[in-house]
Amino acid sequence: VTQRRIFQAKPGALAEVVARMKEFQIVFKKHGGPQGRLYTDPFSGHTDQVDGVDTESLGNLESLFWAASQNAEYQKAYEQWFQGLKALIEVATVELWSREA
């Protein structure tokens with residue numbers, strides 16, 4: 001399963017959003033998350049987009065997020081990170097993709 005969590009950066013904020021995402025990858029991995037990949041799309045469609053989280057299965061992803069929601073240290077780190085990210089983005093969307101072949 002690939003979870004595409006797409007953040008639409010405000011104009012001129014793409015590099016800052018990428019930096020914030022890299023910061024979060026460290027926190028996410030520390031609490032059991034998979035090593036994510038970051039993709040940027042600065043030119044096509046809705047420009048200045050950042051996305052990417054891959055996992056072996058939707059069940060693994062749900063278990064990971066449930067465990068993280070029970071961890072006070074993770075919650076505090078996530079809330080601090082997200083507060084800084086909110087000022088840099090216009091909108092965020094989530095898509096779940098299952099690989100068929």
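Only one of the numbered conditions (1) in contact (Cβ under 8 Å) with a residue 60 or more places away in the chain; (2) in a helix (DSSP H, G or I); (3) open to solvent by less than 80 Å² (accessible area, probe 1.4 Å) is violated by residue 63, and that is (1).
Among the residues of this structure, residue 70 counts as one that is modelled with pLDDT of 85 or more and surrounded by fewer than 17 Cβ atoms within 10 Å (Cβ to Cβ). The set of residues in the range 82-101 being in contact (Cβ under 8 Å) with a residue 12 or more places away in the chain, within 18 Å of residue 4 (Cβ to Cβ) and of a type outside the set (A, V, I, L, M, F, W, C) consists of 90, 93, 95, 98, 99.
None of 37, 5, 99 is surrounded by fewer than 17 Cβ atoms within 10 Å (Cβ to Cβ) and touching a strand residue (DSSP E or B) at 6+ places or on another chain (Cβ under 6 Å) except 5. Listed by first and then second residue, the pairs linking a residue in the range 16-39 that is over 12 Å from residue 68 (Cβ atoms) to a residue that is open to solvent by 40 Å² or more (accessible area, probe 1.4 Å) and among the hydrophobic types (A, V, I, L, M, F, W, C), with Cβ atoms under 6 Å apart and 6 or more places separating them unless they lie on different chains, are 21/38. Can you pull out the residues in the range 8-24 that are open to solvent by less than 40 Å² (accessible area, probe 1.4 Å) and in contact with a Gly (Cβ under 9 Å, 6 or more places away or on another chain)? Hits for the range 8-24 are 21, 24. Scanning the range 1-36 for residues being out of contact with any helix residue (DSSP H, G or I) (no Cβ under 9 Å at 6 or more places or on another chain) and of a type in the set (Lys, Arg) gives a total of 4.
The values are calculated or read from the model by the stated rules, or taken from the named source; none is laboratory data. Quantities reported herein were computed from a predicted structural model and do not represent experimental measurements. Counting neighbours? That spans all protein chains shown, and the Cβs are built from the backbone with ideal geometry, glycine included. When the accessible area is computed, the model is the full protein with side chains, heavy atoms only, and any ligands, DNA or RNA have been set aside. Shrake-Rupley method; radii C 1.70, N 1.55, O 1.52, S 1.80 Å.
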